[in-house]
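Please read the structure below before turning to the comments.
What follows is calculated from the coordinates using simple rules that are stated; it is not laboratory data. Everything quoted here is computed from the prediction, not taken from an experiment. Backbone-built Cβ (ideal geometry, glycine too); neighbour counts: all protein chains shown.
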Amino acid sequence: MSVAVDIIVSAPLWPDEQALEALADKAVRASVAASGARLARNVELCISFSDDASIRELNAQWRKQDKPTNVLSFPTPGALKTKPMLGDIVIAQETVAREALEQDKTFLDHTTHMIVHGVLHLLGYDHENDADAELMEALERRIAASLGLGDPYEGTSPLQHATQTD
């Protein structure tokens, strides 16, 4: 099974497109492998590297929250085993940069975590309640460790991030 990752870079402060492609491919592959999801052959997804203004509009339209957020995920309807398109992920550069600074992480490490978080949403994971949040966070921690990253939730409690992340 392969996952094709299409990226769109629509904000100027992101690293160059080749670096983002490599980062996205690695994070997506690790997320799908760790999740054990059974996907259609040759499935694809799209990651848009955007800015706060664009993600704020999307957040207001789709989640009725008129504020920027770090990542939004838009899964394509249908069973994972049969759909050729998993969906779309949108990541806001300014919010991710601010959070990375506040959490004493590198920008690229935090971006990687946002990709992982977004992919898990496309695969059906969520954090709407404590049990689901603990399950999703445990998987994110395993994926982060497999990528050589630190614990993305170190110093937080379950659901604490749910108000910030899609």
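With the cut-off at 1.5 for a/c, could you classify the chain from its C-alpha gyration tensor as rounded, prolate or oblate? If you can, show how the numbers build up before the last one.
Details: a/c = 1.24, a/b = 1.13, b/c = 1.10.
In terms of gyration-tensor shape, rounded.
Only helical DSSP H runs with n ≥ 4 go in: add -39500 (n - 2.57) per run for the chain, normalise by residue count and round the 222 nm mean residue ellipticity to 500 deg cm²/dmol.
Details: 5 runs with 74 residues, N = 166.
The helix-only estimate for the chain comes to -14500 deg cm²/dmol at 222 nm.
Once label points are set 7 Å from the Cα along Cα→Cβ at both residue 142 and residue 94, what is their separation, rounded to one decimal in nm?
Label at residue 142, label at residue 94, 3.7 nm between them.
Whats the longest run of the chain with zero trypsin sites (Lys or Arg not before Pro) that are DSSP loop and have at most 12 other Cβ atoms within 10 Å? Write down the numbers at each step before the final one.
Numbers: sites that count: 38, 41, 64, 81.
By the stated rule (loop sites, at most 12 other Cβ atoms within 10 Å), 82-166.
Check which residues have an amide H placed less than 5 Å from residue 47's amide H, if you skip close sequence neighbours.
6, 7, 8, 89
Suppose R0 equals 30 Å. What FRET efficiency, 1/(1 + (r/R0)^6) with r the Cβ-Cβ distance, do residue 154 and residue 26 give to the nearest 0.05? Mind dumping the intermediate values first?
Working: r = 21 Å, r/R0 = 0.71.
Approximately 0.90, to the nearest 0.05.
Need one number: nm distance between label points at residue 10 and residue 67, each 7 Å from Cα along Cα→Cβ, rounded to one decimal.
Between residue 10 and residue 67, the label points sit 2.2 nm apart.
Antiparallel versus total DSSP beta bridges in the chain: what percent is that, nearest 5? Please report the intermediate quantities before stating the final value.
Working: 5 of 19 bridges.
Of those bridges, close to 25 percent are antiparallel.
Taking a ≥ b ≥ c as the square roots of the eigenvalues of the Cα gyration tensor of segment 1-83, is the shape rounded (a/c under 1.5), prolate (a/b larger than b/c) or oblate? Show your work: numbers first, answer last.
Values: a/c = 2.52, a/b = 1.35, b/c = 1.87.
Oblate, because a/c is 1.5 or more while a/b does not exceed b/c.
Compute the separation of the alpha-carbon centres of segment 31-89 and segment 97-123 and state it in Å as a whole number.
14 Å
Loop sites only, by DSSP: take the GluC sites (Glu not before Pro) in the chain that have at most 15 other C-beta atoms within 10 Å and name the longest stretch containing none of them.
On the way: sites that count: 128, 154.
Here the longest run is 1-127.
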